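Please read the structure below before turning to the comments.
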Amino acid sequence: MLTDARLLELYDSQLGSRHLDLAARELRAQGAGFYTIGSAGHEGNAAVAAALRPTDPALLHYRSGAFYLERARQAPGTDPLRDVLLGLVAAASEPIAGGRHKVFGHPKLNVIPQTSTIASHLPRAVGVAFAVERAAKLGVACAWPHDSVVVCSFGDASANHSTATGALNTAAYCAHQGLPLPVLFVCEDNGIGISVRTPGGWIASYGSRLGMRHFTADGCDVASAYEAAAEAVEWVRRTRRPAFLHLRTVRLMGHAGSDAEVAYRSRAEIAADEERDPLTATARLLVARGVVTEDEVAALAEAKREEVRAIAREVASAARLETARAVMAPLAPSRPAAVAGEAVAAAHAARARPAEPVTLAQAINQTLADLLDHCPEMLVFGEDVARKGGVYGVTRGLLRRAGAGRVFDTLLDEQSILGLALGAGLSGLLPVPEIQYLAYLHNAVDQIRGEAATLSFFSSGQYRNPMVVRVAGYAYQKGFGGHFHNDNAVASLRDIPGLVVATPSRPDDAAAMLRTCVAAARADGRVCVFLEPIALYHTRDLHDEGDGEWLAPISAEHVPIGRARVYGSGDELTIVTFGNGLHMSLRVARRLGLRCRVLDLRWLAPLPVDDLLREATATGRVLVVDETRRSGGVSEGVLAALADAGFDGRVARVTSRDSFVPLGDAAAHVLLTEDEIEAAALDLVRGRP
Ligand SMILES: Cc1ncc(C[n+]2csc(CCOP(=O)(O)OP(=O)(O)O)c2C)c(N)n1
Ligand SMILES: [Mg+2]
């Protein structure tokens, strides 16, 4: 039970949160603040914080202000009222996002900042809970104590999002198999999502529907909420199983400052919520228990208003982010020397082995094995990667080599696979998940775009989620599989700030680039996508059957991020390509009898612009050979880079069509062909338009 002293402290957190909400609106009215979504009516969540330890990682709902203040009381060393106010005015000195967003987060409080995309943090929360247990089992360092409970809060409307239902399902799936997963899902249920009501009873049965232990609490009664939260936390901590806490709240003051809720709620409904104001309830309880008098409780509220207002006046003129450079500083941490050192160290096994020519698939397989040996915190996981060894055999034998704790099959849900990586990377592990086909990345890409890539940005680099996401992609599987196994859409990756996109074509490059990606993840916390051309996995020959020219030994060479590879030194034409395009271009270059050089970009982000310009200038004629689509494909970036640099030579491009890839031989009608490359190259060199 809450002591009188603790009850008084929780009231203080609740009051602080409410006055922050009021100050947010005042700051907005003055033109100094930029965010008015508040926690009013949800302040019972202070009880959830009180039931947890300050070392328990927390991924919070945007209405968890009182939780945040109560957590800060438990772990002194921060100035939470000021910090939240600095966030509201987007001050550069705000300690977590540095003015980039208004979030609840602080490394000293183990509160991980969240994006505004509702429910997108649930897969990561599952990943953190998984990592707490797995790191302990593997005996590798973890950012959180081994007996942590991960807490993750969200709204009642958000509970319906497929990201939420996917994550809850994954948690239940793990628990069903006896896999420890100490996560407490807290649904802060105010009965409404902006203007849409949640049907009565919907959240009340939510956890039970999944077979998950379900707790319920009245968030408007902080003392009883504490009892329920303490019971839930104790149960999760002891059993290491996921649980669902239904925290019934009200929403006061509308969805946000700009929301006129009278447009969609009756006055009676609004008044009924006001009757249940959790602050009034705590004040009444304090008076009833004789802790304070009515006058004293009113004085406490007034004092908090003044305290918050005084800080708000101070921060209103705080310095904001002044330059693009300042805004972008945490986007893409890059210490090439450290990455090179790490990659070279990881290449020791490759150096020690006799050099034997291998295929692309074998090179990736062998390098994954080397890296698993080299990095004790590395995990390889995805659909079918372990027992089967991958659809194309790329992960074959890794399970036997590194054990089921580090190489494992996941359930069939890309959001959960990436969420696992997000949580594992954040916790100190090095996840190397596989997405079985590029087409199946798209349904989960927000976990990379909205979550992985933004964490460093919204935490000023204080939180990172290093990972290397292997994706099997591109087309040319000889008509097999149709669009979904021959997807060539990379636009959704190319514009993600800070993301590294590697696409090896040759076996030796694949080995070196994979080591570089893992090194960049380890040394700089980078998020890397490693896009593998399926059609080249088992390719052996280049020009003639049996020539074995596509095989190469795994070398120990280091390939830095953003450095291309050049074949030939002809002075008539520069072909710029990547992936399957390299295989086709090298064949065409030989057939043509022109003096060509072929540049393999190797990295789609960041593009190797310096190498591109050097090789373009050397011939004055550039043909971009791009197997992706004409719209949104890689060639657009290459042409733009040439134009930006003022390249004044001749330029042309050949691409695949703006189409999905059909099944069977019809695929050839929409995919870029060698004949098209040949014709375009001749036109360019002979000067035809
Ligand atoms: C994926 C996504 N879709 C839409 C929105 C816009 N949006 C912000 S809050 C919100 C309602 C959320 O309601 P609920 O989960 O009940 O939380 P509450 O605001 O009531 O606490 C919506 C639709 C969003 N942020 N993210
Ligand atoms: Mg709601």
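The values are calculated or read from the model by the stated rules, or taken from the named source; none is laboratory data. The model shown is predicted, which means the values in this text are computed figures rather than measured ones. Here the Cβ is made from the backbone with ideal geometry for all residues, glycine too, and neighbour counts use every protein chain on show. We work out accessible area using only protein heavy atoms, side chains counted, and drop any ligands, DNA or RNA first. Shrake-Rupley method; radii C 1.70, N 1.55, O 1.52, S 1.80 Å.
Annotations
- Taking the Cα centre of the stretch 1-56 as origin and assigning +1 to Lys and Arg Cβ atoms and -1 to Asp and Glu Cβ atoms, the resulting dipole is close to 160 debye.
- Charge sum, other residues only, whose C-beta stays under 12 Å from Asp189's C-beta, Lys/Arg counted +1 and Asp/Glu -1: +1
- When the surface is traced with a 1.4 Å probe over the full set of protein chains, Leu671 keeps roughly 10 Å² accessible.
- Per residue value of the accessible surface for the chain (all protein chains in place, 1.4 Å probe), Å²: 37 Å²
- Placing Asp495, Asp273 in order of accessible area, with the largest value first and a 1.4 Å probe, yields Asp495, Asp273.
- Asp610, Asp547, Asp658, ranked by accessible area, largest first (probe 1.4 Å): Asp610, Asp658, Asp547
- Under DSSP loop assignment and at most 10 Cβ neighbours within 10 Å, longest GluC sites (Glu not before Pro)-free interval of the chain: 1-321
- Translational D in µm²/s for the chain (Stokes-Einstein at 25 °C, 0.890 mPa s, Kirkwood Rh from C-alpha pairs): 91 µm²/s
- Candidates Leu179, Ser195, Pro242 compared by Cα position along the dipole of the stretch 165-284: farthest toward the positive end lies Leu179, with charges placed on Cβ.
- Per-residue SASA entry for Arg6, accessible area with 1.4 Å probe, Å² rounded to 10: 60 Å²
- With all protein chains in place and a 1.4 Å probe, the accessible surface of the stretch 244-291 carries 55 percent carbon and sulfur.
- Cα long-axis angle, helix 4-29 against the chain (0 to 90 degrees, to the nearest 10): 60 degrees
- The stretch 453-540: chymotrypsin sites (Phe, Trp or Tyr not before Pro) in DSSP coil with no more than 15 other Cβ atoms inside 10 Å: Phe480
- Per the chain, cysteines lacking a partner by the 4.7 Å Cβ criterion: Cys142, Cys152, Cys174, Cys187, Cys220, Cys375, Cys596
- Within the chain, helix-based [θ] at 222 nm, where runs of 4 or more DSSP H residues each add -39,500 (n - 2.57), nearest 500: -12500 deg cm²/dmol
- As a calculated quantity, the FRET efficiency between Glu572 and Ala352 at R0 = 30 Å, using C-beta atoms, amounts to about 0.10.
- Met212 accessible area, 1.4 Å probe, all protein chains in place, Å² to nearest 10: 10 Å²
- Counting only DSSP beta bridges with both residues in the chain, the antiparallel share comes to about 15 percent.
- Per-atom-type breakdown for the stretch 326-411 gives carbon and sulfur 56% of the accessible area (1.4 Å probe, protein chains only).
- Environment charge at Ala288 (Cβ cut-off 14 Å; Lys +1, Arg +1, Asp -1, Glu -1): -2
- Cut-off under 5 Å, modelled amide H: who pairs with Val624 long-range: Val576, Ala652, Arg653, Val654
- Here the accessible area is traced with a 1.4 Å probe on the protein chains. For the stretch 574-689, carbon and sulfur cover 51 percent of it.
- Hits among aspartates and glutamates - C-alpha to C-alpha of Lys102 under 13 Å, sequence gap 8 or more where chains match: Asp21, Asp83, Glu94
- Three-way shape call for the stretch 159-302 based on the alpha-carbon gyration tensor, with the a/c threshold at 1.5: oblate
- Amide hydrogen neighbours beyond the local backbone of Gly481, cut-off 5 Å, H modeled: Gly664
- The packing ranking of peptides 176-182, 422-428, highest mean first, is 422-428, 176-182, where packing means the average number of other beta carbon atoms within 10 angstrom of each residue.
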